[in-house]
Amino acid sequence: MIRPPPLRRGDVVRVIAPGSPFDRAQLDAGLAVLRDRFGLAPRLRDDVGARRGHLAGDDARRLAEWREAVADPEARAILAARGGYGAMRLLPGIDPAPLLARPRLVVGFSDVTAIHAHLNRAGLATLHGPVVTQLGRLPADALLHLERLLLGGAGIAPDAGAPPPGTGLAAAAVVTPGRATGPLLGGSLALLAHLCGTPHLPELAGAILFLEDVGERPYRLDRYLTQLRLAGALDRLAGVAIGQLTRCDDGDGAAAAVVRAEIAALGVPAVEGLAAGHEDRNLALPLGPRATLVAPGPGEPGPPRLLFDEGATA
């Protein structure tokens with residue numbers, strides 16, 4: 001897995017809108033965080049705020065924006081302005097080769113899962129993390145965590161206890177006890193299910209699968225997991241890390257129970273309740289590099305946790 005170099009203060013970063021249109025005030029707040037907190041220089045196309053129905057402009061505009069960002073010789077990272085929907089429409093036109101030749105961080109989540117999957121499959125590490133329109137409301141610990149993943153400087157997490165910022169995530173509970181190591185892959189459960197049967201879903205055998213989602217009723221979560229299982233995508237997982245299931249309940253807390261039961265049936269080490277996904281406290285995690293999942297059994301020390309054996313950057 002190729003990991004891009006870390007960012008440095010003053011680096012140019014491209015901000016793109018590969019999916020849905022966004023709120024301009026939220027974007028401006030996020031751009032201020034990039035400039036004032038991280039010391040980066042965001043660069044945008046004039047038409048980044050385009051709208052065409054549910055998309056941030058037509059496919060041709062969004063694909064041209066992606067290619068321009070990749071070709072920018074000064075850009076050290078590509079950050080999504082928002083998720084929503086639309087990125088998977090661009091996948092046939094996204095060539096990973098230029099990013100493999102000159103690696104740069106690609107950052108986003110939700111709909112950006114499609115781009116992460118496409119690039120991870122090709123061998124490039126990416127960063128599942130807040131979109132730019134979310135940065136302005138990110139709490140302090142999530143900002144510090146993201147800063148350390150972007151700029152480097154975080155050490156290796158201890159084997160027990162909550163991981164320091166940038167080294168891993170603590171979980172809320174154990175689903176299935178055990179310990180697993182493998183590449184960390186995943187993102188939006190819905191997007192992963194929709195990529196089944198396409199050439200864009202990465203090989204999940206031996207991987208730790210991270211899952212999160214928003215606004216999906218329990219029966220839909222069941223359907224997505226069933227689709228992945230029937231397709232054989234879950235057959236040889238090393239472990240599973242469940243993040244936030246935001247606004248997925250139907251009034252009785254069934255969303256977490258449905259996902260927990262399906263994941264427990266796989267019989268691999270698994271944890272739930274990672275603070276990563278569609279909540280304001282959205283902690284970033286590297287996709288592609290090696291991670292270790294620790295799901296303590298009774299009497300074993302430390303919280304359930306996901307440790308980043310390798311960071312998002314080299």
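The values are calculated or read from the model by the stated rules, or taken from the named source; none is laboratory data. None of the values given here were measured: they were computed from a predicted structure. Using ideal geometry, Cβ is built from the backbone for each residue, glycine included, and neighbour counts are taken over all protein chains shown. Side chains are part of the model used for accessible areas, which takes the heavy atoms of the whole protein and leaves out ligands, DNA and RNA. Shrake-Rupley method; radii C 1.70, N 1.55, O 1.52, S 1.80 Å.
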Inset, instruction - List the strands (runs of 3 or more DSSP E) that sit entirely inside the range 35-138 and contain at least 3 residues that are of a type in the set (Asp, Glu) and in contact (Cβ under 8 Å) with a residue 24 or more places away in the chain. - result: none
Legend entry - Matching option when the condition is buried (at least 22 other Cβ atoms within 10 Å of the Cβ) and within 20 Å of the chain's Cα centre (by Cα), among Ala275, Ala207, Ala256: Ala207
Legend entry - Counted residues, the range 38-62 - those being over 30 Å from Leu151 (Cβ atoms) and of a type in the set (Lys, Arg): 3
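One line per residue, one yes/no per condition, for (1) farther than 19 Å from Ala173 by Cα; (2) modelled with pLDDT of 95 or more; (3) in contact with a strand residue (DSSP E or B) (Cβ under 8 Å, 6 or more places away or on another chain):
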{"position": "Glu212", "(1), (2), (3)": "no, yes, yes"}
{"position": "Asp222", "(1), (2), (3)": "yes, yes, no"}
{"position": "Asp235", "(1), (2), (3)": "yes, yes, no"}
{"position": "Gly239", "(1), (2), (3)": "no, yes, yes"}
{"position": "Ile242", "(1), (2), (3)": "no, yes, yes"}
{"position": "Asp250", "(1), (2), (3)": "yes, no, no"}
{"position": "Ala275", "(1), (2), (3)": "no, yes, yes"}
{"position": "Val294", "(1), (2), (3)": "no, yes, yes"}
{"position": "Gly311", "(1), (2), (3)": "yes, no, yes"}
Legend entry - Selected residue [assigned to a strand (DSSP E or B), at pLDDT 95 or above and either open to solvent by 20 Å² or more (accessible area, probe 1.4 Å) or among the hydrophobic types (A, V, I, L, M, F, W, C) (or both)] from Ala190, Ala180: Ala180
Inset, instruction - Scan the range 65-80 residue by residue and report those that are over 15 Å from Pro5 (Cβ atoms) and either open to solvent by 50 Å² or more (accessible area, probe 1.4 Å) or at pLDDT below 95 (or both). - result: Arg67, Glu68, Ala71
Legend entry - Counted residues, the range 77-102 - those being aliphatic (A, V, I, L, M) and in contact with a Gly (Cβ under 7 Å, 6 or more places away or on another chain): 4
